[in-house]
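In what follows, a single structure is set out as structure tokens and then discussed.
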Amino acid sequence: MTMATAATTDFMLPQPYLVQQVVKETADTFTLTLEPSDGTGRNRFQPGQFSMLWVFGVGELPISISGNPADRAQLVYTVRSVGKATHALVSREVGETVGVRGPFGTGWPVEKAEGRDVLVIAGGIGLAPLRPVIYEVLHNREKYGRLVILYGARSPRDLLYRKELTAWARQPETQVLVTVDYGGLSWRGHVGVVTTLFKNARLQPARTLAFACGPEIMMRFVARDLENQGFAPENIYLSMERNMKCAVGFCGHCQYGPHFICKDGPIFPYDRMRPLLEKYEL
Ligand SMILES: Cc1cc2nc3c(=O)[nH]c(=O)nc-3n(C[C@H](O)[C@H](O)[C@H](O)COP(=O)(O)OP(=O)(O)OC[C@H]3O[C@@H](n4cnc5c(N)ncnc54)[C@H](O)[C@@H]3O)c2cc1C
């Protein structure tokens, strides 16, 4: 076996992890905490990276790491059950095994954000890959300026991490604004798409890095509105999603224009994504 083959086999081989905890976030979304089955705390990831999670006998799928990058003992994932593999994943019980490959992909450029304000814009499950950025900023408060979190969900019942949203809003130099598409009778908060929060956000575009993740249509409007407010395209970062299989740029499943989302992304600066986002259905 050549060295190249040995290395290839390594990152294609799922490592066994045990489910430590499953927390129900909403009716269809669960947060799973996994630990290596051999007990070694060897996890290291950049905020925004993803793993390939293997449910034996069902399939393998990309899921962003949603936990704290400072916690090396565990890997945390927030999964919305939309089909066969995600349903099998959220149905795992404590003590059961899940295969993990990775972490893969590019992270949010948190080093570039040092000394600047950080704007996090999330739609629905898109808050999951952004939560590690929020942990990073709040745990290293002196390195960053203001933190502004704008979060939109379909309805109050679909809001993720409710207790944390409240706790984050109480942190110094932090603004958290939440909106829903449909509020219902008991909702006293904001109603409207996430871009309607911009008018209440205290932003200084020239000294801010913006990180956005959500449905592609949301990111198109978010990026356009940020540019109109004076954000330079290279200071806006988007997390892109495509179906993927190998996660290392071999299979081509996740090709998006000239890019492979798995290895060139999933996080891209808007100036590289704009020509592609302007072509619908690509
Ligand atoms: C880099 C990356 C990070 C991701 N992070 C998360 C995460 O943190 N949490 C989470 O819940 N999901 C995440 N996803 C999406 C997740 O991988 C898909 O929902 C999953 O693969 C669907 O598999 P399934 O067998 O359950 O559903 P399927 O039966 O395959 O599909 C069910 C529905 O979901 C759609 N779908 C399938 N795969 C994808 C995909 N990759 N992207 C968008 N739509 C898809 C299908 O078109 C169909 O409408 C991520 C995807 C990528 C590429």
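The values are calculated or read from the model by the stated rules, or taken from the named source; none is laboratory data. Keep in mind it's a predicted model, so treat the numbers as computed, not measured. Cβ sites come from the backbone with ideal geometry, for glycine too, and all protein chains shown count toward neighbours. What goes into the accessible areas is simple: the full protein's heavy atoms, side chains included, and nothing from ligands, DNA or RNA. Shrake-Rupley method; radii C 1.70, N 1.55, O 1.52, S 1.80 Å.
If a residue has to be away from the ligand (no atom under 11 Å from the Cβ) and either in contact with a Leu (Cβ under 9 Å, 6 or more places away or on another chain) or not assigned by TED's automatic domain parsing to the domain that holds residue 201 (or both) to count, how many in the stretch 112-126 make the cut?
The qualifying residues number 9.
From the set of residues in the stretch 47-65 that are of a type in the set (Gly, Ala, Ser) and more than 19 Å from the chain's Cα centre (by Cα), which is nearest to residue 133 (Cα to Cα)?
Residue satisfying both the conditions and the ranking: 59.
Can you tell me which residue is farthest from the chain's Cα centre (by Cα) among those in the stretch 85-101 that are open to solvent by less than 60 Å² (accessible area, probe 1.4 Å) and more than 15 Å from the ligand (Cβ to nearest atom)?
The selected residue is 95.
Residue by residue, here is whether (1) surrounded by fewer than 20 Cβ atoms within 10 Å (Cβ to Cβ); (2) closer than 23 Å to residue 153 by Cβ holds:
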position	(1), (2)
173	yes, no
181	yes, yes
185	yes, yes
222	no, yes
230	yes, no
234	yes, no
257	yes, no
260	no, no
267	no, yes
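If residue 151 passes every condition in (1) more than 17 Å from residue 125 (Cα to Cα); (2) open to solvent by less than 50 Å² (accessible area, probe 1.4 Å); (3) aromatic (Phe, Trp, Tyr) but one, which one does it miss?
Of everything listed in (1) more than 17 Å from residue 125 (Cα to Cα); (2) open to solvent by less than 50 Å² (accessible area, probe 1.4 Å); (3) aromatic (Phe, Trp, Tyr), residue 151 misses just condition (1).
Out of the stretch 71-84, which residues are of a type in the set (A, V, I, L, M, F, W, C), within 8 Å of the ligand (Cβ to nearest atom) and surrounded by 18 or more Cβ atoms within 10 Å (Cβ to Cβ)?
Listed by number, the list holds a single entry, 79.
Sort out which residues of the stretch 269-278 are in contact (Cβ under 8 Å) with a residue 12 or more places away in the chain and either open to solvent by 60 Å² or more (accessible area, probe 1.4 Å) or in a helix (DSSP H, G or I) (or both), and write them in order of number.
270, 271, 272, 273, 274, 275, 276, 277
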